[in-house]
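Q: Sharing a structure here in structure tokens format.
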Amino acid sequence: MRILLYSGKGGVGKTSVAAATGVQLASLGHRTLVMSVDPAHSLADSFDLGGKLFHGATGEPLEVAPRLWIQEVNIQREIKRHWNAISGYITALLRTSGLGDVEAEEMALFPGMEELSALMYVNQYRKSGQFDVVVLDCAPTAESLRFVSLPTTLDWYMKHVFSFERKLFKAIRPIANRVSPVDLPPEAYFQNIQDLFGKIEGIDQVLEDAEVTSVRLVTNAEKMVLRETQRAFVYFSLHGLTVDQVIVNRLFPGEIHGEFFAGWREMQTKVLAEIESYFSPIPISRVPLFPREVLGLERLGEFARTLYGEGVDPSTVTRTERPYQFVREDGVYQVRLKLPFTEKGEIGLFKKDDELVVELGAIRRHIGLPTSMSAMEPAGAHMEGNMLIVEMRTS
Ligand SMILES: Nc1ncnc2c1ncn2[C@@H]1O[C@H](COP(=O)(O)OP(=O)(O)OP(=O)(O)O)[C@@H](O)[C@H]1O
Ligand SMILES: [Mg+2]
């Protein structure tokens, strides 16, 4: 099963791209599920299903065309199904701090639950084999980053906090239940957490496997949008996911004339060049602004043909290499960068704001640095095979 994850800033066109991709995949014969991971679901709207009662109704996959299903994860229902003991305990805990029932229940929905539910589904579908491709329509960037980091966070939590908590509570339960104003979590709480964890087991490897999971960043040719796209790129790379395409949506087509749009067109051309130099060698796809909203199967199909080309399969694996990695080895921070060909003498390195700039002949690569490295300077570089290893140190 292939997993295609579409992420980007709010409003750039993620849902339209994800839905259109689904239409093209299904038309090429793949059993495709487009799943919305965004709590503010708009997938059904994109397919123009207004007449059908779909929103939150069941949260199950709904067939919208031959071999094409869509699913909007229904968080309330998921919680009832998987998290009764956990949310029950948290609600009770919040209630003792003076919150009303409804408020306590609302607060017990901690951030990340939506994403966690989606990950469970992805894992389940991977095991059941009922779909060939799962397309994920993500919430705006911050949430989709949480989505990919969740398995790591949970893994850490399970290893370090959970086993400790469990032992501790076992030991103190006999005394604490008599004196504590708050009940300790019941045993079911621990069992529930363990079951939950079991449901997403292995998903981190799946997300990091470039043969399975590809991230596509959707952006507009605007400076502010680009900045966020760059941050997302750094973050996905940091988490070991492979970005294999950048989609620039809503480009003003050539037939738009007039002074008012001339400025916009000029700005888009400039930002587009910046996008190309920043993300190279990742392929950039361009989609024009259409004369109307992209709603319904037919327009989504047209959108997909413009984006991918007629008959081109969007699930083909095109890139399996992450362009760079960040590592810490023996206390030294490194940026590792695959270079196609080179000798050390030709490489130029410098820092610009929070980016590391690598120059190699006419090629220039901007590498956004993660927060942990943003205050550092390149201190030296060497080649290992075709890998350039840049050492970063605090200046
Ligand atoms: N290239 C385009 N031409 C014309 N309209 C477009 C284009 N791309 C997207 N739209 C329209 O823009 C609106 C927003 O798009 P969409 O919902 O896909 O964005 P999104 O990134 O998913 O937003 P959100 O962050 O709110 O989830 C929709 O009405 C969609 O039909
Ligand atoms: Mg959306």
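The values are calculated or read from the model by the stated rules, or taken from the named source; none is laboratory data. All of these numbers come straight from a predicted model, not from anything done at the bench. We place every Cβ from the backbone using ideal geometry, glycine too, and count neighbours over all the protein chains shown.
Q: Restricting to segment 204-225, what's the tally of residues that are part of a helix (DSSP H, G or I) and crowded, with 21+ Cβ neighbours inside 10 Å? If you could, list the steps in order and put the result at the bottom.
A: We begin by selecting, within segment 204-225, every residue part of a helix (DSSP H, G or I); these are 204-208, 223-225.
Right, trim to crowded, with 21+ Cβ neighbours inside 10 Å and you get 207, 225.
Residues that pass the stated criteria total 2.
Q: Can you spot a residue in segment 17-27 that is modelled with pLDDT of 90 or more, farther than 23 Å from SER128 by Cα, buried (at least 20 other Cβ atoms within 10 Å of the Cβ) and hydrophobic (A, V, I, L, M, F, W, C)?
A: Checking segment 17-27: at least one residue is modelled with pLDDT of 90 or more, farther than 23 Å from SER128 by Cα, buried (at least 20 other Cβ atoms within 10 Å of the Cβ) and hydrophobic (A, V, I, L, M, F, W, C).
Q: Here's another thing I want to ask about it. Has segment 299-318 got any residue that is more than 14 Å from ligand 1 (Cβ to nearest atom), surrounded by fewer than 16 Cβ atoms within 10 Å (Cβ to Cβ), hydroxyl-bearing (Ser, Thr, Tyr) and not assigned by TED's automatic domain parsing to the domain that holds TYR6?
A: Yes, segment 299-318 has at least one match.
Q: How many residues are surrounded by fewer than 22 Cβ atoms within 10 Å (Cβ to Cβ) and within 16 Å of ligand 2 (Cβ to nearest atom) if we restrict to segment 226-243?
A: 1
Q: While we're looking at this one, here's another question. Checking the structure you have, find out if any residue of segment 8-16 is buried (at least 24 other Cβ atoms within 10 Å of the Cβ) and over 17 Å from the mean Cα position of the chain (by Cα).
A: No; the residues of segment 8-16 include none that is buried (at least 24 other Cβ atoms within 10 Å of the Cβ) and over 17 Å from the mean Cα position of the chain (by Cα).
Q: Which pairs have Cβ atoms under 6 Å, sit 6 or more apart or on different chains, and link a residue in segment 1-24 that is closer than 15 Å to VAL37 by Cα and near ligand 2 (Cβ under 9 Å from one of its atoms) to one that is among the hydroxyl-bearing types (Ser, Thr, Tyr) and assigned to a loop (DSSP other than H, G, I, E, B)?
A: Matching pairs, first to second residue: THR15/SER42.
Q: At pLDDT below 75 and either touching a His at 6+ places or on another chain (Cβ under 9 Å) or within 16 Å of ligand 1 (Cβ to nearest atom) (or both): is that true of GLY10 in this structure? Can you show your working first?
A: On the way: at pLDDT below 75: no; either touching a His at 6+ places or on another chain (Cβ under 9 Å) or within 16 Å of ligand 1 (Cβ to nearest atom) (or both): yes.
Taking the combined requirement at face value, the residue does not satisfy it.
Q: For PHE260, state whether it is at pLDDT below 95 and either more than 25 Å from GLY368 (Cα to Cα) or more than 14 Å from ligand 1 (Cβ to nearest atom) (or both).
A: Details: at pLDDT below 95: yes; either more than 25 Å from GLY368 (Cα to Cα) or more than 14 Å from ligand 1 (Cβ to nearest atom) (or both): yes.
So PHE260 fits the description; yes.
Q: Continuing with the same structure: If you go through segment 13-27 one residue at a time, how many are more than 22 Å from LEU207 (Cβ to Cβ) and within 6 Å of ligand 1 (Cβ to nearest atom)?
A: 2
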